[in-house]
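Asker: Here's a structure for you.
Rule-based calculations on the coordinates, nothing more; no lab input. Since we're looking at a predicted model, the values are computed, not measured. Here the Cβ is made from the backbone with ideal geometry for all residues, glycine too, and neighbour counts use every protein chain on show.
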Amino acid sequence: MPARSDTATLPAAAGGGGLRLRWPLRRLLLKGTGDAQSESGLKRAHFRDWRLPFWLLAPQLFILLLFFFIPSIRALIQAFQLTDPFGATTQWVGFQNFERLFRSSVYWSSAQVTLIFTIAQNVLTLSLALLLAFASNHILRGRGAYRTVLLLPYAIAPAIAGIMLAFLFNPRVGPVAHMLQGLGFDWDPNRNSWHALALIVMAASWKHICYNYIFLVAALLSVPQSILESAYLDGAGPIQRFLRISLPMITPTLFFLIVINFVYGLFETFAIVDATTRGGPAGATSILVYKVYQDGFVTLDLGSSAAQSVVLMALALFLTFAQFRFVERRVNYSV
Amino acid sequence: MNERTPIIDFACHLILVMGAALVCLPIYFVFVTGSLSQTEIMRVPMSWLPGSQFLANMQTVLSNANFGRLLLNSFIIASGITIGKLAVSVIAAFAVTYFRFPFRMTAFWLIFMSLMLPIEVRIVPTYESAANVALPLNILGSWLGIQALVDLDWNLVNTYSGLILPLIASATATFLFRQFFLTVPDELCEAARIDGATPWQFFRLILLPLSRSNIVALAIILFLMGWNQYLWPLLLTTEPAMANAVIGLKKLMPQSDSLPTWHLLMNAAFLTMLPPTLVILILQRWFVKGLVDSGK
């Protein structure tokens, strides 16, 4: 039933339900979307009014304008400007900030650290979450209790996860560090850059395994029982069924989680780095987000910080598109 | 399937127990360390059993490090973000799904775009916007040559609104409500209109009650997110009394040149993670739903 006749025959609701804009702009705007059914994301039964939705949207759009659009656009503009640290003079410099950035060896080493960090974190998080998801999918008793405990890290701030592990692995007081030293391992994240990197990878994964786990458990539950059962009748054991059937069937979820883990590793781990290693020793854990903050707020190199912001924006956009692509595939994936 | 796999069953339980231990041991050590005295934490090896100083340490943390105030700040910020974001999002989602008006798709895309850039990638200009909300008017004023606009200054640094408002500026919740509204049967709206309900009555009496479970699930996620904020409070609070608890922890981190007070830090860390942990323990069913929904 076409929506148009619906809405036209019903009495216009109070509050100007039937009001229409009369200027020619309206035709221009609605061209191409004129057919109500092809207009995406609009309910078939809807109201025709523009004053009420305007007031309903105003708070969100106003806040977005102030704290999202203006800052994002200014980040873009600042990337092409050079401002002295006191903000007294500003001049247009074209792509100079980017040229300077891409020539800086510190930036490339930060990019390298970020790459190692995000990949290590991704592999560790996803593989442990898979192992745990397989185990809790296999057992029959105690699932709920295990899940309750395994979900706890979600409640804990990344900064606290970092502080906690920084304590456990502190070479002077930490119990785990003492164990490592007892085994003859010369552990010191304050001096050794690989140890510091390992520390933030562990903290980031500790915090994020639960998120991966809950999605994997949900995905494993949606694998059709009939296929698993026929594989069982053909003589496949639990591990074989997992590797040959469940795992291929949940690949869309795996891709989705890989993207999410990259987003998490790139942007949300700032707190872990800042609360534990502060980018040290000697820049060994200075990931890209941390460097934006340092150049913007500590060394006050605003042009460079803005250029770095733009690079990160491009990364974030790319990952968002990747995420939506995989979500689409995930939704359409059925047997 | 009537399969007997005792070895794999055992291995699975072992994996899960080890996973649970990996989660619980660090938390347990936070509690243990938070209950020891200064001399006890310096002993090698450190005690694996709780000491008797938990309450004494807690008192020190609450009074000397001002954690009472910081925890209150965390609560205000988290509640503000939760309530503000839910309120703003649910009405915006109602507008874009239930109304036909010019610029509808434009409004939707404007909101949708904010999903793409997390606050971390635009921290400097976002800070500048919060340090002076009137900044766009200043720029406008200098273009038009109106001195009154140039002189406007509205600083949100060290205020609750500064800590809350910029974090509401993201569309995750709007997007979720939109997805949910699209699954609500059209007949409800048609029936409401035949009965003469105004759009606002339909929203308040039908749509909101239907969304209750989504609102609760999302509220939990948003509360945890708000409680655990780090970067934004770090930038926006120069006054120690306006920081949240997580930032307060950073200030308690032992510095190399002073006596390491790990017991106080761990005590404060325990206090800070207690409220969100209780939230997900008590409201777990809702929380899992919210988590899986918001990831979609």
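Asker: Can you put B:HIS263, A:HIS178 in order of Cβ neighbours within 10 angstrom, beginning with the fewest? If you can, show how the numbers build up before the last one.
Answerer: On the way: B:HIS263 27, A:HIS178 19.
Arranged by neighbour count, lowest to highest, B:HIS263, A:HIS178 become A:HIS178, B:HIS263.
Asker: Let me ask another. Taking a quarter of the surface of the convex hull around the Cα atoms of chain B, what do you get in nm²? Could the numbers behind the result be given before it?
Answerer: Values: hull surface 100.5 nm².
Computed as one quarter of the Cα hull surface, the answer is 25.1 nm².
Asker: Could you state the per residue volume, in Å³, of the convex hull enclosing the Cα atoms of region A:158-219? Present the calculation step by step, with values, prior to reporting the outcome.
Answerer: Values: hull volume 5.8 nm³, N = 62.
Measuring per residue, one finds 94 Å³ for the Cα hull of region A:158-219.
Asker: With Cβ to Cβ distances under 13 Å as the rule, what net charge do the other residues near B:TRP200 carry (K, R +1; D, E -1)? Display every interim value, and only then the final one.
Answerer: Numbers: positive: A:ARG51, B:ARG193, B:ARG204; negative: A:ASP49.
Taking every Cβ under 13 Å from that of B:TRP200, the sum is +2.
Asker: Considering only C-alpha atoms, what is the centroid distance from region A:92-142 to region A:160-226, in Å?
Answerer: For region A:92-142 versus region A:160-226, the Cα centre distance is 15 Å.
Asker: Output the DSSP H helices from chain B with an along-axis C-alpha extent of no less than 27 Å and a mean Kyte-Doolittle hydropathy no less than 1.0. Intermediate results must be reported in sequence, preceding the final value.
Answerer: Values: long enough: B:6-34 (41 Å, 2.00); B:67-98 (45 Å, 1.55); B:262-282 (29 Å, 1.62).
Sorted by number, the helices that extend far enough and score high enough are B:6-34, B:67-98, B:262-282.
Asker: Can I ask one more? Where does the protein assembly as shown land on Rg(C-alpha)/(2.2 N^0.38 Å)?
Answerer: Details: Rg = 26.6 Å, N = 631, 2.2 N^0.38 = 25.5 Å.
In units of the globular-protein estimate, the protein assembly as shown measures up at 1.04.
Asker: Out of every Cα-Cα pair in region A:126-193, what percent are more than 20 Å apart? Mind dumping the intermediate values first?
Answerer: On the way: 1180 of 2278 pairs.
Distances greater than 20 Å cover 52 percent of the Cα pairs.
Asker: Any idea what diffusion coefficient region B:150-269 gets from Stokes-Einstein, in µm²/s, Kirkwood Rh on alpha carbon pairs, 4 °C, 1.567 mPa s? Before the final figure, lay out each step's value.
Answerer: Working: Rh = 18.5 Å.
The diffusion coefficient I find is 70 µm²/s.
Asker: Looking only at other chains, what is the average number of their beta-carbon atoms within 10 angstrom of each beta-carbon in A:265-273? Mind showing how you got there, number by number?
Answerer: Values: counts 0, 3, 6, 5, 1, 5, 9, 1, 0.
Mean number of neighbouring Cβ atoms from other chains: 3.
Asker: Region B:93-146: D in µm²/s via Stokes-Einstein (Kirkwood Rh, Cα pairs, 10 °C, 1.306 mPa s)? If you can, show how the numbers build up before the last one.
Answerer: Working: Rh = 13.9 Å.
Reported coefficient: 114 µm²/s.
Asker: Moving on to the next point. Quick one: P(r) of region A:61-151 from all Cα-Cα pairs, 5 Å bins, percents rounded to integers, in order of increasing distance.
Answerer: 3, 10, 10, 10, 10, 10, 10, 9, 8, 7, 6, 4, 2, 0
Asker: Related question: Pairs A:LYS207/B:LYS251; B:LYS85/B:LYS289; A:LYS207/A:LYS291; A:LYS207/B:LYS289; B:LYS85/B:LYS250: which exceed 24 Å Cα-Cα? Please report the intermediate quantities before stating the final value.
Answerer: On the way: A:LYS207/B:LYS251 21 Å; B:LYS85/B:LYS289 19 Å; A:LYS207/A:LYS291 22 Å; A:LYS207/B:LYS289 19 Å; B:LYS85/B:LYS250 27 Å.
Among A:LYS207/B:LYS251; B:LYS85/B:LYS289; A:LYS207/A:LYS291; A:LYS207/B:LYS289; B:LYS85/B:LYS250, the Cα-Cα distance tops 24 Å for B:LYS85/B:LYS250.
Asker: Output needed: percent of Cα pairs per 10 Å distance bin for region A:115-162, bins running from 0 to the one holding the longest distance.
Answerer: 22, 44, 28, 7
Asker: Report the calculated FRET efficiency for A:ARG143 and B:LEU188 (r = Cβ-Cβ distance, R0 = 35 Å), to the nearest 0.05. Could the numbers behind the result be given before it?
Answerer: Details: r = 36 Å, r/R0 = 1.04.
Between A:ARG143 and B:LEU188 the formula returns 0.45.
Asker: To the nearest 0.05, how large is the calculated FRET efficiency for A:GLN96 and A:GLU229 if R₀ is 60 Å and r is the Cβ-Cβ distance?
Answerer: Working: r = 65 Å, r/R0 = 1.08.
My answer for the efficiency is 0.40.
Asker: Can you pull a Stokes-Einstein diffusion coefficient for region A:125-278 at 37 °C (0.692 mPa s), Rh from Kirkwood over Cα pairs, as a whole number of µm²/s?
Answerer: On the way: Rh = 17.4 Å.
Taking Rh from Cα pairs, D becomes 189 µm²/s.
Asker: Please report Rg (one decimal) and Dmax (integer) in Å for the Cα set of region A:214-335.
Answerer: Cα-based Rg and Dmax for region A:214-335 come out at 20.8, 67 Å.
Asker: Take the Cβ-Cβ distance between A:THR299 and B:ARG204 as r, set R0 to 60 Å, and report the resulting FRET efficiency rounded to the nearest 0.05.
Answerer: On the way: r = 52 Å, r/R0 = 0.87.
Calculated transfer efficiency: 0.70.
Asker: What is the Rg over Rh value, at two decimals, for region A:190-250, using alpha-carbon atoms and the Kirkwood definition of Rh?
Answerer: Working: Rg = 17.9 Å, Rh = 14.1 Å.
Rg/Rh for region A:190-250 comes to 1.27.
Asker: Tell me, how many Å apart are the Cα centres for region B:112-169 and for region B:70-109?
Answerer: The two parts, judged by their Cα centres, are 19 Å apart.
Asker: Just for the Cα atoms in region B:66-198, what are the lengths along the principal axes, largest first, rounded to whole Å?
Answerer: Cα spread of region B:66-198 along its principal axes, largest to smallest: 53, 48, 30 Å.
Asker: Would you kindly calculate the mean projected area, averaged across all directions, of the convex hull enclosing the Cα atoms of region B:41-106, in square nanometres? Numbers along the way, then the final one.
Answerer: Working: hull surface 36.2 nm².
For region B:41-106, the mean projected area of the Cα convex hull comes to 9.0 nm².
Asker: Using Cβ contacts closer than 10 Å as the measure, can you line up A:TYR211, B:TYR230 from fewest to most?
Answerer: Ranked by crowding around the Cβ, least crowded first: A:TYR211, B:TYR230.
Asker: Here is a follow-up. Under a 10 Å cutoff between Cα atoms, tell me which one of B:GLY162, B:GLY226, B:GLY68 has the largest fluctuation in the Gaussian network model of chain B.
Answerer: Among B:GLY162, B:GLY226, B:GLY68, the largest GNM mean-square fluctuation belongs to B:GLY68.
Asker: While we're here: How much length is gained if the chain between B:ALA131 and B:PHE75 is pulled fully straight, taking 0.36 nm per residue apart and subtracting their Cα-Cα distance, in nm to one decimal?
Answerer: Values: separation 56, 0.36 × 56 = 20.16 nm, distance 2.27 nm.
Taking 0.36 nm per residue and subtracting the Cα distance, the gain is 17.9 nm.
Asker: Going by amide H atoms built from the backbone, whose H comes under 5 Å of the H on A:GLN81, apart from near neighbours?
Answerer: Under 5 Å from the amide H of A:GLN81: A:VAL93.
Asker: Using every pair of alpha-carbon atoms in region B:113-188, split the distances into 5 Å bins beginning at 0 and state the percent of pairs per bin, rounded to integers.
Answerer: All Cα pairs, binned at 5 Å, distribute as 3, 14, 16, 15, 14, 12, 9, 6, 5, 3, 1, 0 percent.
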